[in-house]
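The values are calculated or read from the model by the stated rules, or taken from the named source; none is laboratory data. Since we're looking at a predicted model, the values are computed, not measured. Counting neighbours? That spans all protein chains shown, and the Cβs are built from the backbone with ideal geometry, glycine included. Keep in mind that these areas ignore ligands, DNA and RNA; they rest on the heavy atoms of the full protein, side chains included. Shrake-Rupley method; radii C 1.70, N 1.55, O 1.52, S 1.80 Å.
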Amino acid sequence: MSSRKFLNQVDQQISRAEVNNYDRAVFVLHDQLNLQQWPEWVRRKKPLLIFMESVAKGRSLPYHKKKLTYVLSSMRHFAIECHQAGYSVYYHATSKHYGQGLTELLDQNSELDVTYMMPSEWDSRERLRKVKGKYPDRITEIENSFFYAETDRWKDKIEPGYRMEYFYRDMRRQTGYLMNDDEPEGGEWNYDEDNRESLPDDYPVPEITTFAPDDVTSEVMALVENHFGDHFGQIDNFGYAVRREQALQLLDEFINERLADFGPYEDAMATGEPTLFHSALSIYLNNGLLLPWEVCERAIEAYKDGKAPINSVEGLVRQILGWREFIRIYYEAMMPEIRETNFMNFSEPLPELFWSGETKMHCLKQSLKPIFKQGYSHHIQRLMVLSNFSNLTKTDPRQLNRWFWFAYVDAYEWVVLPNVLGMSTFADGGVLASKPYVSSGNYINKMSNYCSSCEYSITKKTGENACPFNYLYWNFVDEQREAFEVSGRNSFMVNMYDKKSEEDKKEIKKSTENFLQTLGRDQQKK
Ligand SMILES: Cc1cc2nc3c(=O)[nH]c(=O)nc-3n(C[C@H](O)[C@H](O)[C@H](O)COP(=O)(O)OP(=O)(O)OC[C@H]3O[C@@H](n4cnc5c(N)ncnc54)[C@H](O)[C@@H]3O)c2cc1C
Ligand code: SF4
């Protein structure tokens, strides 16, 4: 790869700068692709921009082939656009990690000073700081400015009991979003009550525009097939935006065609509809093609113009200004120890079906299929189907976290880890969430039409063809009482379990045991 065999398109479109002609450069990481967020002097002085592709980073996990394609293609397009805008660009590919690649550049160019923006991900940050340790006078680290919330202002607040809701209200006050003086627009901070509808039959869901791969993307796809062919997921039919202009088009499309229905159907799931009215914008938000304030402000504008109701717009702002920012602060506060957290001490390997998709459980099949194909599924599938199943089958949450990290196109450690180890598996013991997000099949049946196409019976509680979520859930409630305790008292669900007949309890245990014994586990891909 270092032979530049797969960099033809970049080499044709960028006349490569000679690094030793420069004394000042800016190192742009693959998830910082927006010069608006860089200091004003960068746009004014137009220093040399250095981009680096790292094979070692690409190999550090079996990342989805579409993720690798997206990350590399959008970085190449961005570098080409910077070149067209008058910047000198040095586009480099290394078999090593970023830190070693940058060290080599500094070793070879003794006059060069480099500025980088603090990486969002811990390992890249550590690697670049090591380089800074070696060259303290030649390297400048600047704050990461792709988020609303300042880390230093919020980090110390993260502790059990400090919930996203408190943070979110403060962020609403700070930004003035949907505020009338000190009061929330519409009189409520939260419209979740209006946002729990299931999708009516035959309700039309608009299609999302896809973009055929151009020459740059096609070349990256060939590279990924050649060098990362054994990675997770399918590469064919790549249709993601890879340029800001395309991502802005998708933002327009979401605001005009899906935002109004985003709120009511936020928690809904439907066979053959992986996206419904969700924005599908996380992948662009997470590498800078779109900025979080652009999305929030467009949504608020649509509300003011009467094009979208308050429950949809507040719902979206809550996700981006609330959850997304809170999650990032949590990561900053909890790293690196949080990586090994496992409150319930689950140790089972990941179920094999997370790789194969082979299962009779229709909800799981429907949630996994779009991940193999596109590296995407929406929040409720991630939380209430996949993570729920992982918890109920006593799977090691760290393995689930690893899987979410390589299987999704929008996954970066700062966002995936808090969502998995904090929110969806309760592995942190209650710092982020007040109780485990687990449920029986009833929740899935209420929010989707999955159960009507399933080989299992949602109405059966135990026995051979009973919905596995039904008995696995009650077994979990019994075994994990501590996680359900509210201020030292048993929760409603624990009391419900205790009131079941001995016969029912025996059947729950028997069905659980049978199911877990026959569940294939991922032994090799640990
Ligand atoms: C187990 C699990 C793993 C997750 N892993 C990731 C991940 O790797 N990357 C990622 O970006 N999100 C992750 N999320 C959060 C959320 O599910 C996705 O952001 C969302 O599904 C992306 O699809 P969308 O753009 O259509 O979102 P929408 O439903 O349209 O929401 C709008 C935006 O809000 C933001 N958002 C919403 N919820 C969250 C959240 N909990 N944390 C952070 N941002 C949020 C996203 O930027 C999203 O694009 C995870 C959630 C769970 C439960
Ligand atoms: S019956 Fe159970 S396993 Fe089948 S789709 Fe419904 S919740 Fe999922």
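Here Ser15, Ser88, Ser110, Ser73 are screened, and the one residue that is farther than 30 Å from Leu400 by Cβ and surrounded by 16 or more Cβ atoms within 10 Å (Cβ to Cβ) is Ser88. Cβ-Cβ distances below 8 Å connect the following pairs, each with a first residue in the range 449-470 that is closer than 17 Å to Lys510 by Cα, a second residue that is within 16 Å of ligand 1 (Cβ to nearest atom) and of a type in the set (Gly, Ala, Ser), and a separation of six or more residues or different chains: Phe469/Ser439.
The selection criterion, being within 13 Å of ligand 2 (Cβ to nearest atom) and either open to solvent by less than 10 Å² (accessible area, probe 1.4 Å) or assigned by TED's automatic domain parsing to the domain that holds Pro468 (or both), does not hold for Gly422. Residues in the range 226-278 that are assigned to a helix (DSSP H, G or I) and open to solvent by less than 20 Å² (accessible area, probe 1.4 Å): Ala247, Leu250, Leu251, Phe254, Ile255, Leu259, Phe262.
Quick check on Glu183: is it farther than 30 Å from Gln37 by Cα, loosely packed, with under 14 Cβ neighbours inside 10 Å, modelled with pLDDT of 95 or more and assigned by TED's automatic domain parsing to the domain that holds Ile310? Against the criterion (farther than 30 Å from Gln37 by Cα, loosely packed, with under 14 Cβ neighbours inside 10 Å, modelled with pLDDT of 95 or more and assigned by TED's automatic domain parsing to the domain that holds Ile310), Glu183 qualifies.
Restricting Ser377, Ser434, Ser367, Ser390 to those that are surrounded by fewer than 21 Cβ atoms within 10 Å (Cβ to Cβ) and of a type in the set (Ser, Thr, Tyr) reduces the list to Ser434. From the list Tyr376, Tyr412, the lone residue that is under 26 Å from Lys446 (Cβ atoms) and within 8 Å of ligand 1 (Cβ to nearest atom) is Tyr376. Among the residues of the range 282-293, some residue qualifies, meaning at least one is more than 9 Å from ligand 1 (Cβ to nearest atom), part of a helix (DSSP H, G or I) and under 19 Å from the mean Cα position of the chain (by Cα).
Figure legend. Inter-residue proximity from the range 275-298: first residues more than 21 Å from Gln366 (Cα to Cα), second residues modelled with pLDDT under 95 and part of a helix (DSSP H, G or I), beta-carbon distance below 6 Å, spacing 6+ or different chains. No pairs are indicated. Only one entry in Glu121, Glu141 is open to solvent by less than 20 Å² (accessible area, probe 1.4 Å) and acidic (Asp, Glu), namely Glu121. What about Lys460, is it basic (Lys, Arg) and either within 16 Å of ligand 2 (Cβ to nearest atom) or assigned to a loop (DSSP other than H, G, I, E, B) (or both)? Yes, satisfied.
Among the conditions (1) over 20 Å from Ile139 (Cβ atoms); (2) touching a helix residue (DSSP H, G or I) at 6+ places or on another chain (Cβ under 8 Å), the only one that Lys57 does not satisfy is (1). Only one entry of Glu337, Glu332 meets the criterion of being within 15 Å of ligand 1 (Cβ to nearest atom) and open to solvent by 10 Å² or more (accessible area, probe 1.4 Å), and that entry is Glu332. Scanning the range 412-452 for residues that are outside any helix (DSSP H, G or I) and hydrophobic (A, V, I, L, M, F, W, C) gives Phe426, Ala427, Val431, Leu432, Ala433, Val438.
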